[in-house]
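Notes to accompany the following structure.
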Amino acid sequence: GAIAVENSSRLTEAQAKDAELARLEEEIAAQVSARGDVLTRKTLRGKPGYVLSASAFKPGKASLDSEARQALEQLAQKLKSTGSAWRIEGFTDNLGSDSANLQLSKQRAEAVLAVFKANGVPAGKLSAKGMGSSNPIASNASKSGRAQNRRVEIIQK
């Protein structure tokens, strides 16, 4: 009885760690091969917006690299001049646990918000939210699909 239960909880913990590591390794690999722009202008849900790729962040972390920070500082000037309000939503792929993904996506959205705020976009015009692995824009069955799903969307409200 009790021993089997204890072993199974250890097993799920180990599996969770493995999944977390797999996600980290994949993000690192994606970063190495990431070409193209860190920040892209896109129409999101029918509104003007921007997509920040996960290569803007250190793998598994919410800290922005210097190139991404620069791109966001420039974008902040544009956002400020529009006078509009902006919604910042972080997304992850489906690797790892839901709670870890939700946490990471929220921290990444908040990191973007912090750069905008520091560059003069009024805090009252910004909101940040973590969406975890919900709303994938590509299949999580492939590495390239998962790479597309790891993103931060900046959408005009």
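T82 falls short on exactly one of the conditions (1) closer than 19 Å to K42 by Cβ; (2) within 16 Å of the chain's Cα centre (by Cα); (3) at pLDDT below 95, and that condition is (2).
Answer yes or no as to whether L104 is surrounded by 15 or more Cβ atoms within 10 Å (Cβ to Cβ) and at pLDDT 95 or above. Even if it seems obvious, please write down each step before you answer.
On the way: surrounded by 15 or more Cβ atoms within 10 Å (Cβ to Cβ): yes; at pLDDT 95 or above: yes.
Yes; evaluated as a whole, the condition is true for this residue.
Condition test on G132, is it open to solvent by less than 30 Å² (accessible area, probe 1.4 Å), modelled with pLDDT of 95 or more and at positive phi? Yes, satisfied. Please name all residue pairs, on different chains or six or more residues apart, with Cβ atoms under 7 Å, provided the first residue is in the range 127-154 and is more than 9 Å from D93 (Cβ to Cβ) and among the small types (G, A, S) and the second residue is part of a loop (DSSP other than H, G, I, E, B) and open to solvent by less than 30 Å² (accessible area, probe 1.4 Å). The qualifying pairs are G132/T92.
Here D37 fulfils each of the conditions (1) in contact with a strand residue (DSSP E or B) (Cβ under 9 Å, 6 or more places away or on another chain); (2) more than 20 Å from G120 (Cβ to Cβ); (3) modelled with pLDDT of 90 or more apart from (3). Taking the range 42-79 as the range and being within 15 Å of K157 (Cβ to Cβ), open to solvent by less than 90 Å² (accessible area, probe 1.4 Å) and either without any contact (Cβ under 8 Å) to a residue 60 or more places away in the chain or out of contact with any helix residue (DSSP H, G or I) (no Cβ under 7 Å at 6 or more places or on another chain) (or both) as the test, the residues that pass are L44, G46, K47, P48, G49. When F116 is tested against the conditions (1) open to solvent by 30 Å² or more (accessible area, probe 1.4 Å); (2) of a type outside the set (A, V, I, L, M); (3) more than 28 Å from A19 (Cβ to Cβ), the lone failure is (1). Among the criteria (1) within 26 Å of G145 (Cα to Cα); (2) in contact with a Leu (Cβ under 7 Å, 6 or more places away or on another chain), the one F116 does not fulfil is (1).
The values are calculated or read from the model by the stated rules, or taken from the named source; none is laboratory data. Here the structure is a predicted model, which means the values were calculated and not measured. Please note: Cβ atoms are built from the backbone with ideal geometry, for glycine as well, and neighbour counts cover all protein chains shown. Ligands, DNA and RNA are excluded from the accessible area calculation, which covers all protein heavy atoms including side chains. Shrake-Rupley method; radii C 1.70, N 1.55, O 1.52, S 1.80 Å.
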